[in-house]
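Only one structure is covered here, and it is reproduced in the block below.
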Amino acid sequence: MSPRYRIAVITRTYPPKGGGIAAAHFNLARCLRKRHDVGIFAFDDNDAAVEPNVTRAKTAAPLAWMLQAAATAWVRRYARAESATNCQRIFRIIPAVRRLNRALRSFRPDFVLCPDNFVPALALKLPIGSKLIWVAHHNFRRFEGNPIATQYSWIDLQLAHRLELRAFQKADAVVAVSQYIADVTSQTLKPNCDIRVIRNFVDTEFLDQMGACSLKSRLGMSPHTTLVYIPSGGVAIKGERYTCEIIRRLSTIGDIAFFVSGAISPTLRFELDQLPKHVVVHSPGPQSYMHNLADVAACDLAVSPTLIENFSSALVEALALGVPVVTWDVGGNRELVESGVNGFIVPFLDMESLIQRAMELANSSELRASMQKLARTSVKNLVRPERVLEEYDNLFQSVLAAS
């Protein structure tokens, strides 16, 4: 029997305020609790709810503003008028992470699982004897190779990577959520420690317990209306520039409607407002993790024109809920979507193929029904809890043996 460890899971918010990396760590904590003692430490969360083994901290607004101004000044020493989005995020959370350090010492973890996005490890002070597992989701340098996929400045990315390298020196091992992100991490951070691919866990048993969603009836649609999910369609790196065109093209096939999750930019809102009045687009903006999952569960297929991807939590969740996915062959998508089985993978930036495959699914209830079953099965096989727990336990034992 594997030893029982004390594990600290670092995350931005708990429960997640949306999807993405916070959702991945929410699900990971649920999985690890099946075998280990888990504490949650959220570094950008001022939720007042009191929960066992959950500690939250958030930098006060005035201090956050000053730190973001300092980050901007740092970036603009090298390039005037450049944005400093990533450096601002890193600077802003430093006081909150430092506040978490005391609770972390009290918890006395054997292992600290820390995401790379926002680089919380920079301000993290590991308790004596604790081992840091760097969980690679993001990696700033990967954005540099795809200029259409980023709203960030190159100088900002390079300086953020400099801070990432400093924090990475604390890592005792690396968990990469896809083979793609493992390769990127090896190339950019050059780890001299163990690096393993352990894919994002999603609690399929939890999702199976979700009740039927009334989204179609709330939108005044027939139960037979085809509802298309476009994850984070208002975010530049998730393909905002293609979202309206996808909706416009697919809306020609008849009884169809669209759910665009996440924040909607003013540009996309303007484009959506120009669509014909009969086109139904549900774009509620940011909503709770549970509400978002309920809306996804009501969808019949997902279309993701993402321009860069690691191992998308949104697509994992969609497949786990039985929603087949059509997406481009970019990043870690091929490790998740098997073309012709649980969705379709089409060549990167091939808009015509993306639309054609989406239309094929939208027009065939039989094909959707077949892929819906296979979607659930594929995710359960890929990220079943026993497999994830075994992979983490093997990693923990390897790290301890090497120390």
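Where a number appears in this text, it was derived from the coordinates with a stated rule and is not lab data. All values derive from a computational prediction rather than experimental measurement. Counting neighbours? That spans all protein chains shown, and the Cβs are built from the backbone with ideal geometry, glycine included.
The figures follow:
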{"item": "Area projected by the alpha carbon convex hull of the range 205-382, averaged over all directions, nm²", "result": "9.1"}
{"item": "Residue among LEU250, SER313, THR377 farthest towards the positive dipole end of the range 205-382, charges placed on Cβ", "result": "LEU250"}
{"item": "Of VAL323, ASN117, ILE40, farthest towards positive along the dipole that unit charges on Lys, Arg, Asp, Glu beta carbons give the chain", "result": "ILE40"}
{"item": "Förster radius 22 Å - calculated FRET efficiency between SER398 and LEU165 (Cβ-Cβ, nearest 0.05)", "result": "0.40"}
{"item": "Cα long-axis angle, helix 385-402 against the chain (0 to 90 degrees, to the nearest 10)", "result": "20"}
{"item": "Semi-axis lengths, Å, the range 87-231, gyration tensor of Cα atoms, sqrt of 5 times eigenvalues", "result": "34, 22, 17"}
{"item": "Relative contact order of the range 307-390, pairs being alpha-carbon contacts under 8 Å that are 6 or more residues apart, as %", "result": "33"}
{"item": "Loop trypsin sites (Lys or Arg not before Pro), the range 20-65 (other Cβ atoms within 10 Å of the site Cβ: 14 or fewer; DSSP)", "result": "ARG33, LYS34"}
{"item": "Long-range amide H partners of GLY331 with built H, under 5 Å", "result": "GLU309"}
{"item": "Extreme residue, positive dipole direction of the chain, given options HIS291, GLY234, ASN86 (C-beta unit charges)", "result": "ASN86"}
{"item": "Amide H contacts under 5 Å for VAL54, placed H, 5+ residues apart", "result": "ILE40"}
{"item": "Residues whose placed amide H lies under 5 Å from that of PHE259, excluding near-sequence neighbours", "result": "VAL228, TYR229, ILE230, HIS282"}
{"item": "Sites LEU219 and ALA61 - FRET efficiency at Förster radius 30 Å, r taken between beta-carbons, to 0.05", "result": "0.25"}
{"item": "Check: the chain dipole with +1 on Lys, Arg Cβ and -1 on Asp, Glu Cβ, in debye", "result": "1480"}
{"item": "Total charge dipole magnitude, the range 205-382, about the Cα centre, Cβ charges on Lys, Arg, Asp, Glu only, Debye to nearest 20", "result": "300"}
{"item": "With Cα atoms, 0 to 90° folded angle of helix 154-168 axis to the chain main axis", "result": "50"}
{"item": "Diffusion constant of the chain at 10 °C, which comes from Stokes-Einstein with the Kirkwood Cα-pair radius and 1.306 mPa s, µm²/s", "result": "72"}
{"item": "Vicinal HN-Hα couplings computed from phi for the range 314-328 (Karplus, 6.51 cos²θ - 1.76 cosθ + 1.60; Hz; Gly/Pro x)", "result": "4, 6, 4, 5, 4, 4, 4, 8, x, 10, x, 10, 10, 8, 7"}
